[in-house]
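Since the structure comes first, as structure tokens, the remarks are kept for the end.
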Amino acid sequence: MDIIERFLSYTRINTTTSREKGAAGIMPSSDGQMELAKLLAKELEALGMEEVVLRDTAILTATLPSNIKGEQTIPTVSFFAHLDTSAEQTNDTNAQIVSYQGGDICLNPALEIILKESEFPELVNYVGDDIIVTDGTSLLGADDKAAIAAIMNALQVLKADPSIPHGTVKVAFVPDEEQGLRGAKAFDVESFGADFGYTLDCCGIGEFVHENWNAGDAIITFTGQSAHPMSAKGKLKNSLLMAHQFISMLPGGEAPQYTEGREGYYWVKELSGNSAKTILKMDIRDFYKDGYRDRMAFLQNLSDSFAKLWGGSSISINLSDRYENVANSLEGDASFPIDIAKEAYARNNIEMKAIPMRGGYDGAVLSQKGLPCPNIFTGAHNFHSIYEYLPVNSLKAASNVVVDVIRITAEKAN
């Protein structure tokens, strides 16, 4: 099956993640994810993959056995993609292929929905290329169905050409990445049996991610003392004002709207309550281990100071780690997955653009579980938007890189 045909067939299955079902602990959170997983399981079996296992969570794994004879030890490389698409748009996808000659792309004449070059200037890089777009009423779903197509196509290439040497290759497709990396968190790394891996998720051609946030959460509860305002003097202790005072003590300028690159932040993301009790929820993010620890310690110290000011029962804080920076698992001798990817990009005449990801992805969770897992591009742009698009040559390049990562892994073992 052609890679474009594969991708288009996957986009026809609506796999929008369901936040409500996810919050209730249901996995997969939408029926479409299981439908896509079942289709992929059949395709993997048709390709001759072994150990094809589809779980009731929609986590799907499969193995391509080594074609190298002898006792040579070759590390087992793995590739991951997620089944779900963002809940930002829930409509079915009606993808179309445009032969791009420059300028704007009219996605939907009837609704006058236009992908404008002035708003998305990177389009100029794809003049003369075929580009897959939507009709402007949904996401394209290249996040992450482009990754699925690239991985499946790479497996097809390897099966069709036994002259390409490869060790054992593992693949996995997981649900509900779009709401807290739930599929990766439920993934059993130990039984999977891979030595290292790559996710394919996000980014234009050439981009590569091997560092992201150290991420944590804070839930801070302020307990006040309610009183009727007519007799409140000396009695009322307003928990809402306590929370606002706490927020005012956070470092100025260290919030998402003021930061970029590798600059960390405190994100005040939810405040709810009344004068008697108020709950503040925050995200803490930092690229550096020491910086992350300092931020968490700062919040603990600030809470301790508030307890002295308002009384020990007036404030409680719960600090928890969400995921680590992938870079933590790729230090020193463990950096070889980066080196292999660099060589694979170079063999395809692709300039690697290493970018720090200001967010989480499945690889962060997998790396923390012991499976080093940087991220390869899919070639798509404008994720979570009706203006999402996928240049065909970029999709093909992603698949070619996967093939060469597998090839180079075997070569380096010689």
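The values are calculated or read from the model by the stated rules, or taken from the named source; none is laboratory data. This one's a predicted model, so the numbers in the text were calculated from it and none came from an experiment. Counting neighbours? That spans all protein chains shown, and the Cβs are built from the backbone with ideal geometry, glycine included. For the accessible areas, the whole protein counts, side chains as well, though only heavy atoms, and no ligand, DNA or RNA atoms are used. Shrake-Rupley method; radii C 1.70, N 1.55, O 1.52, S 1.80 Å.
Couple of notes before you dig in:
- Gyration tensor (alpha-carbon) shape descriptor, the stretch 1-86, a/c threshold 1.5: prolate
- Treating each Cα of the stretch 226-293 as one equal point scatterer and applying the Debye formula with no solvent, the log10 of I(q)/I(0) at q = 0.17, 0.29 Å⁻¹ comes out as -0.70, -1.24.
- Shape of the stretch 123-221, Cα gyration tensor, a/c cut at 1.5: oblate
- Residue-wise HN-Hα coupling along the stretch 100-117, computed from phi with Karplus coefficients 6.51, -1.76, 1.60 (Hz; x: Gly, Pro): 7, 10, x, x, 7, 10, 7, 7, 8, x, 5, 9, 6, 9, 10, 8, 9, 4
- Nonlocal amide H pairs with residue 315, under 5 Å, H built at 1.01 Å: 223
- Placing one equal scatterer on every Cα of the stretch 151-302 and applying the Debye formula, the log10 ratio I(q)/I(0) at q = 0.10 Å⁻¹ is -0.60.
- 1.4 Å probe accessible area per residue over the chain, in Å²: 43
- Computed over protein heavy atoms with a 1.4 Å probe, the carbon and sulfur contribution to the accessible area of the chain reaches 48%.
- Helical mean residue ellipticity (222 nm; -39500 (n - 2.57) per DSSP H run of 4+; nearest 500) of the chain: -9500 deg cm²/dmol
- Whole-Hz couplings from phi, Karplus 6.51/-1.76/1.60, listed for the stretch 224-231; x for Gly and Pro: x, 9, 7, 6, 5, x, 5, 9
- Counting Cα-Cα pairs of the stretch 266-394 in 5 Å increments starting at 0 gives whole-percent bin shares of 2, 8, 12, 15, 14, 13, 11, 9, 6, 5, 3, 2, 1.
- Remark on residue 78: its backbone amide H falls under 5 Å from those of 170, 196, 197, 198, a criterion applied only to residues 5 or more positions apart or on other chains, H modelled at 1.01 Å from N.
- Pairs of alpha carbons in the stretch 332-414 separated by more than 17 Å make up 56% of all such pairs.
- Amide hydrogen neighbours beyond the local backbone of residue 354, cut-off 5 Å, H modeled: 208
- The chain: angle of helix 392-412 to the longest principal axis, Cα-based, in degrees nearest 10: 80
- Rg and Dmax of the chain, both derived from C-alpha coordinates alone, stand at 24.0, 87 Å.
- Over the stretch 282-337: Kirkwood hydrodynamic radius from C-alpha pairwise inverse distances, Å: 13.4
- The string of couplings for the stretch 150-155 from the Karplus curve (6.51, -1.76, 1.60, θ = phi - 60°) is 5, 5, 4, 5, 4, 4 Hz, one whole number per residue in order, with x for Gly and Pro.
- Taking every C-alpha pair closer than 8 Å and separated by at least 6 residues, the mean separation divided by the residue count of the stretch 112-251 gives a relative contact order of 13 percent.
- Residue range of the chain that is longest and free of GluC sites (Glu not before Pro) which are both DSSP loop and sparsely packed (at most 11 other C-beta within 10 Å): 120-259
- Between 0 and 90°, nearest 10: helix 239-248 axis offset from the chain longest Cα axis: 60
- Distant alpha-carbon pairs in the stretch 1-155 (separation over 22 angstrom), percent: 51
- Longest exposed-site-free window of the chain, the sites being trypsin sites (Lys or Arg not before Pro) in a DSSP loop that have at most 10 other C-beta atoms within 10 Å: 236-414
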